[in-house]
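Down below is the structure, laid out as structure tokens.
The values are calculated or read from the model by the stated rules, or taken from the named source; none is laboratory data. Everything quoted here is computed from the prediction, not taken from an experiment. Cβ coordinates were reconstructed from backbone atoms using ideal geometry, including for glycine residues, and neighbour counts include every protein chain displayed. Protein only, heavy atoms only, side chains kept; ligands, DNA and RNA dropped before computing areas. Shrake-Rupley method; radii C 1.70, N 1.55, O 1.52, S 1.80 Å.
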Amino acid sequence: MENQYNNETNRDEETSPPVSPLSQSFNSTTISLIIFVVIELETPVTESEALELLRSHLVPQNIRFSSIMEQDKEGVLRWKKVDVQMEDHLIVPRFPIGLTRESYDEHLREYLSKIGCEKFSDSKPLWEVHLVNYPSLNGACTGIFKFSHALGDGYSFMRVFFNCCVRADKSSSPLTFPRLSLMKTQQYDGNPVIGSGKKLFGLIQKCMNTSYDIMESLLRRACFEDQPSAIRSATSENMKIELFKPFNIHSVTLSLERVKQVKTKLGATVNDVIVGLLSYIIHLYGVRKMKMDNMDQYGEDGSTMNSINGGTKKSMTMCVMLNMRIFKGFTNIEDMIRADAWGNHSRLLFIPLPSYTNLEEVNPLEFIIKAKHHMDRKKNSMYFYLIDTLLKAAMWAKGQKGIDEMLYSSFRNTSTMMTSVIGPKEQMAITNHPVSSFYYFVSGIPQSITFTSVSCMEQLKLVVTMEKGFIDSKLFVSCMDEAFENIFQAAFRNHPGGDDNQITNKSS
């Protein structure tokens, strides 16, 4: 089919940059990872304003927004610059007239599921913007930025998005981000003998952790996979899982200050708290699902029963997306977002989810404590620096197919994934329209449930996508509410200022 875009005659094939192996994998038949950034605005946006935003602010930020993937004469896949027709990338859906906000909110979620199951066309740049000019529960208008992960990672797109925004209270001032250190500094022990002993022991421990992580990564991608459970459907060994399935989406907004108080009390990080929260939610869902099914299908921890020994399969693993920019010299979040470090700098970590047999007596805080333990152990490893070496080895052994299979099995062989970003502290405005809320989610991976989180304006927003027909969304949402209540009550029991009525602000 003839391409609808006219290639620029002044660009030669040899000057078009090659598409990286990761970008090729993220837009393949094996994996088609797509990022959706959803912004809810306080006032409606016109189509002309949206087109001007795309023309003047979004597309000029990076050449990949005006490029397609095209093979050269030698068969090398390259980014080829094309003429972009903005009208082809702005989509304005039509909903019925005269509905309530609740009905429009339901239409919005169904629309998100619909476009989340649609792959990009290879004949135009891999992005779209959807303008939903109907009120929802959280705004008068919703803008949806849809990007292929082949263009860049989450922080690349967040940088684009934040550059399109200004402060709602003072447009002349820049957005500011939490001054968080990305890497811990090592403390010096005054005694040189003790200090040398600690360093030697630490080095040995780090080498052991590194060896374990490398072996786990290789086996996880080759043959190890989680057992079927309440959140992971049963699949045969050689069965390919469909990437695009209809899903329900739900979001919950928490007070970031409350989350930080839990973090401080347990000596953890915000990320530890999030992973622990999600682990506990999955735990509760497995228990409730088991009870609903009268224990016919699920074991005590929400995993399927082992018919051989009568026990339970307790292996559940979460893929956590790690941003490798923290190893490229950036010292804080603001520098990382401001820098022009475009591309795919995300890698995957495997975090085991805790499981218990005596379910009703589990302390909810144990899930955060165990999450902190696993994350601390991962940090005390040199595996981060060797991830790209493993990718190169897969490329050397099997070519591009090796990278594709490596990424696919990373998602397929685990139960769920989580990724997070950090946003500005102030309320934002885009084209003079204040942003009431924003979040993001992903689609196009072989998993039934995914989680994303974003902190912004002193709030933490958690978003979950759940496969329709497999995940009981109403039950899962009720488990989320119960988990937040239980964890905050456990953390602030007999704790000054522990007003549990101000813990969460939920929205669907």
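Computed with a 1.4 Å probe over protein heavy atoms only, the accessible area of Phe492 comes to about 10 Å². When the surface is traced with a 1.4 Å probe over the full set of protein chains, Glu106 keeps roughly 80 Å² accessible. Here the spin labels are modelled as points 7 Å beyond Cα on the Cα-Cβ line, and at Arg55 and Ile97 they lie 2.8 nm apart.
What FRET efficiency comes out for the pair Glu106/Asp481, r = Cβ-Cβ distance, R0 = 25 Å, nearest 0.05? Write down the numbers at each step before the final one.
Working: r = 19 Å, r/R0 = 0.77.
After rounding to 0.05, the efficiency reads 0.85.
These residues, Asp169, Asp481, Asp213, go from largest to smallest accessible area, 1.4 Å probe, as Asp169, Asp481, Asp213.
Between amide H atoms placed 1.01 Å from N, distances below 5 Å from Ser20 occur with no residue 5 or more places distant or on a separate chain. What the Cβ-Cβ distance of Arg377 and Ala234 gives, at R0 = 35 Å and to the nearest 0.05, is a FRET efficiency of 0.70.
A probe of 1.4 angstrom, applied to the heavy atoms of all protein chains, finds Lys114 with accessible area near 110 square angstrom. Evaluate the relative contact order of the stretch 352-479 (contact order divided by residue number), counting alpha-carbon pairs under 8 angstrom at least 6 apart; express in whole percent. About 17 percent, as a whole number. Database remark: amide H of Leu322 closer than 5 angstrom to the amide H of Arg347, Leu348, Leu349 (H placed geometrically; neighbours at sequence offset of 5 or more, or on other chains; Pro and chain starts carry no H).
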